[in-house]
1. How large is the charge dipole for segment 93-216, taken about the Cα centre, if only the Cβ atoms of Lys, Arg (+1) and Asp, Glu (-1) carry charge, to the nearest 20 debye?
2. Across segment 78-94, in residue order, what do the Karplus-derived ³J(HN,Hα) couplings come to in whole Hz, using 6.51 cos²θ - 1.76 cosθ + 1.60 with θ = phi - 60° and x for Gly and Pro?
3. Taking the Cα-to-Cβ direction at Gln111 and at His63 and moving 7 Å from each Cα, how far apart do the two end points lie in nm?
4. Once amide H atoms are placed 1.01 Å from N in the peptide plane, what residues at a sequence separation of 5 or more from Asp184, or on another chain, have their amide H within under 5 Å of its amide H?
5. How high is the relative contact order of segment 163-216? Use alpha-carbon pairs under 8 Å, at least six apart in sequence, and give a whole percent.
6. Please name which of Thr118, Gly94, Tyr189 has its Cα lying farthest along the dipole of segment 86-198 towards the positive end, using unit charges on Cβ (Lys, Arg +1; Asp, Glu -1) and the Cα centre as origin.
7. Going by average Cβ density within 10 Å per residue, which order do the peptides 58-68, 144-154 take, highest to lowest?
8. Checking the table Lys27/Lys147; Lys68/Lys95; Lys46/Lys160; Lys33/Lys175; Lys33/Lys147; Lys27/Lys215 against a 32 Å threshold on Cα-Cα, which pairs fail?
Amino acid sequence: MEVALIITVFFSIAGLVIFIAWFYDKKRSEDLKAIANSLNFSFERKGDEFLISMNDDFELFSHGRSKKIYNVMNGRSGDMDITIMDYQYTVGGGKNSSTHAQTIIMVQSNQLELPPFTLTPETVFHKIGSVFGYQDIDFASHPKFSKQYLLRGDDEEYIKETFKEELLDFYEKDKTLNTEAEYDKFVYYKANKKLAPKEIHGFLQESIDLYGLLKT
């Protein structure tokens, strides 16, 4: 009898957890759809995974397995094509597996001519790696930026030309940003952070501001 009760309680709790997760995801999608409508953007709850393969040159999309995009908003602002989406992937296996989910903003424009680069918050492991020759492009004029971020890319000279003072100042305001760029597009996000719906407008404006800095 006690075993049966334990099993019943276990499945009841599991069912409640699943329901809460489902309810949260449904509510999030509804809120994001309303935001898309306010921006005059289209909305798809389930995104086309072809978008991942189209952009697999970006380091973010080359990681892991079980890749999934969802809550996809597409629209245009000025000369920018903008995509806002939730993206997740899994790394590792078994007990060591972990799933990473984040909200991404992708901007594409023929006004951009960017050198391929990857910008991530710098960790202690990156600092150790730099001792052994791991690339990190630093700027003597902005030691705060150089301390906060790991900046990598093949064309170091072109990257340094791109990262003008105003752009370095932009990144110094927040040490949690990630950016990957190549030629006519970039992705902008905070790793492992799904933005709350109320944060979307602000983060979108940041990406538009970043676009203005990158195209000059």
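1. 780 debye
2. Calculated HN-Hα couplings, in order: x, 9, 10, 8, 10, 10, 10, 7, 8, 9, 9, 8, 10, 10, x, x, x Hz.
3. 3.0 nm
4. Leu114
5. Working: 26 pairs, mean separation 18.7, N = 54.
Value for segment 163-216: 35 percent.
6. With unit charges placed on the Cβ atoms, the residue in question is Gly94.
7. Put in order of decreasing packing, that is 144-154, 58-68.
8. Those over the limit are Lys27/Lys147; Lys46/Lys160; Lys33/Lys147; Lys27/Lys215.
Taken together, the values in this text are just the output of simple stated rules run on the coordinates, not laboratory data. From a predicted model like this one, the values you see are computed outputs, not experimental measurements. As a convention, Cβ positions derive from the backbone with ideal geometry for all residues, glycine included, and neighbour counts pool all protein chains shown.
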